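The values are calculated or read from the model by the stated rules, or taken from the named source; none is laboratory data. Note that the structure is a prediction, hence the values are computed from the model and not measured. Note: ideal-geometry Cβ built from the backbone for every residue, glycine included; neighbour counts use all protein chains shown. Ligands, DNA and RNA are stripped out before the accessible areas are found, and what is left, the full protein with its side chains, is counted by its heavy atoms. Shrake-Rupley method; radii C 1.70, N 1.55, O 1.52, S 1.80 Å.
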Amino acid sequence: MLTTMTMKSISYKNIASPKGFKATGIHCGLKHKKKDLALLVSEVPASVAGVFTTNAIKAAPLLVTKDVVYQTGKMQAIIINSGNANACTGKQGMADAYTMQKLTAEKLGIDRNLVGIASTGVIGEIMKMEPLIKGIQQLDPIGELEGAIGFSQAIMTTDTVTKNTSYQTIIDGKEVIIAGTAKGSGMIEPNMATMLGFITTDANIESNHLQMALKSITDITFNAITVDGDTSTNDMVIVMANGLAENKSLTPDHPDWESFIQTLHAVAQDLAKMIAKDGEGATKLIEVEVKGAISDGEARKIAKTVVGSPLVKTAVFGNDANWGRIIAAVGYSGATLDPYAITIHIGSTKVVENGEPVPFSEEDLIIYLKQPEVKIFVDIHQGSGKGTAWGCDLTYDYVQINATYRS
């Protein structure tokens with residue numbers, strides 16, 4: 001792990017913190033009142049990496065952006081709208097996505113193949129292009145906090161808070177900043193899901209190595225969260241690295257490669273936990289840590305099964321120390337285990353040892369379960385594998401929000 005001497009959180013946490021990035025967010029009319037159009041721009045073409053939804057049905061903007069990431073390998077700007085997902089909209093949806101890309105490129109005076117697109121909102125509705133076309137002309141990205149705040153607000157749908165983080169590290173004696181902004185509240189079962197994540201850095205790194213770095217931390221951050229088990233059609237995490245910190249190009253052989261990876265991991269983990277904590281109607285963040293699995297992958301599978309269990313989530317919401325729901329989820333996770341070798345703690349309280357109940361104070365545990373963050377620890381004593389997953393409780397408000405989403 002890095003020490004605070006090599007990596008530290010930055011107080012001015014915003015997507016425009018790294019050198020050469022500008023952002024903005026405005027209201028163009030896709031939503032009734034709230035901001036709904038955002039733009040992120042680099043002064044120069046940036047190396048780019050991306051991870052995308054595993055849903056077989058992919059929205060038009062995602063397909064366009066995927067081409068930019070994998071065919072161009074560079075990105076200078078990405079435009080995002082909320083209020084309409086432009087998903088399941090056929091040929092018209094693709095034409096509208098390309099129009100957004102073309103108009104943004106013309107507005108900025110750059111090649112259209114350097115422009116990514118992201119959309120989030122209602123699925124199956126044709127995009128209202130008139131407000132978008134007018135809105136694109138009004139976009140004026142700036143490198144100040146105000147622009148970054150507008151950006152983070154404009155990408156929100158059912159989110160209750162904006163999600164921003166930023167860290168700095170030293171590479172080749174140069175200060176390098178990695179910053180991130182995300183949205184996501186419901187339909188969060190990543191690999192990816194209804195989540196948009198945008199990460200900027202002024203580090204100098206080629207796209208192939210940046211893709212390697214992003215993939216190395218995705219499974220233990222963005223893919224380790226769940227809110228409701230639904231995987232959406234649109235969502236992605238994009239990393240742009242414009243090289244303006246002027247460090248030597250980062251590769252796995254670079255002496256500061258691990259510093260870069262750990263700082264990128266810190267940004268990704270912050271954003272992932274913020275998304276899990278802001279699950280629709282959620283009142284608590286749930287963290288499940290598993291050790292003793294036969295592999296790290298199996299440990300993550302157990303952790304994500306437990307944190308994704310509706311019965312575990314409702315028990316946490318109700319402050320119910322019902323550990324039976326936890327061990328049941330461990331059992332149906334599909335991981336290799338011995339039922340008589342499982343130990344479970346809720347917070348610091350041991351509730352199961354060797355698969356059997358142990359006495360504990362119900363009153364003390366209820367007090368713990370009322371806290372805004374609840375941690376569950378599971379040791380299955382089968383190996384050295386370990387993993388963590390994050391989620392949230394399941395509340396009455398979740399049903400209300402999703403029952404009236406299109407109303």
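Data table
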quantity: Evaluation of G121 against (1) touching a helix residue (DSSP H, G or I) at 6+ places or on another chain (Cβ under 8 Å); (2) in a strand (DSSP E or B) (one fails), failing number; calculated: (1)
quantity: Test result for I344, hydrophobic (A, V, I, L, M, F, W, C), at pLDDT 95 or above and either under 30 Å from G121 (Cβ atoms) or open to solvent by less than 60 Å² (accessible area, probe 1.4 Å) (or both); calculated: yes
quantity: Flag for N319 being in contact (Cβ under 8 Å) with a residue 40 or more places away in the chain and buried (at least 21 other Cβ atoms within 10 Å of the Cβ); calculated: no
quantity: In the stretch 286-295, the residues that are among the aliphatic types (A, V, I, L, M) and either part of a helix (DSSP H, G or I) or open to solvent by less than 10 Å² (accessible area, probe 1.4 Å) (or both); calculated: I286, V288, V290, A293
quantity: Residue list for the stretch 72-103, restricted to those being at positive phi and either part of a helix (DSSP H, G or I) or of a type in the set (G, A, S) (or both); calculated: G73, G83, G90
quantity: Lone qualifier among I205, I177 - being surrounded by fewer than 24 Cβ atoms within 10 Å (Cβ to Cβ) and either at pLDDT 95 or above or under 20 Å from E287 (Cα atoms) (or both); calculated: I177
quantity: Those residues of the stretch 56-70 which are part of a loop (DSSP other than H, G, I, E, B) and crowded, with 21+ Cβ neighbours inside 10 Å, in sequence order; calculated: A59
quantity: Residues of the stretch 304-332 that turn out to be part of a helix (DSSP H, G or I), within 25 Å of M274 (Cα to Cα) and out of contact with any helix residue (DSSP H, G or I) (no Cβ under 7 Å at 6 or more places or on another chain), as a count; calculated: 6
quantity: Condition check for E298: at pLDDT 90 or above and assigned to a helix (DSSP H, G or I); calculated: yes
quantity: The one condition in (1) open to solvent by 40 Å² or more (accessible area, probe 1.4 Å); (2) closer than 23 Å to A276 by Cβ; (3) at pLDDT 95 or above; (4) not in a helix (DSSP H, G or I) that K350 fails to fulfil; calculated: (2)
quantity: Residue selected from the stretch 255-277 under the condition open to solvent by less than 10 Å² (accessible area, probe 1.4 Å) and either aliphatic (A, V, I, L, M) or under 22 Å from K313 (Cβ atoms) (or both), by the criterion farthest from the chain's Cα centre (by Cα); calculated: L264
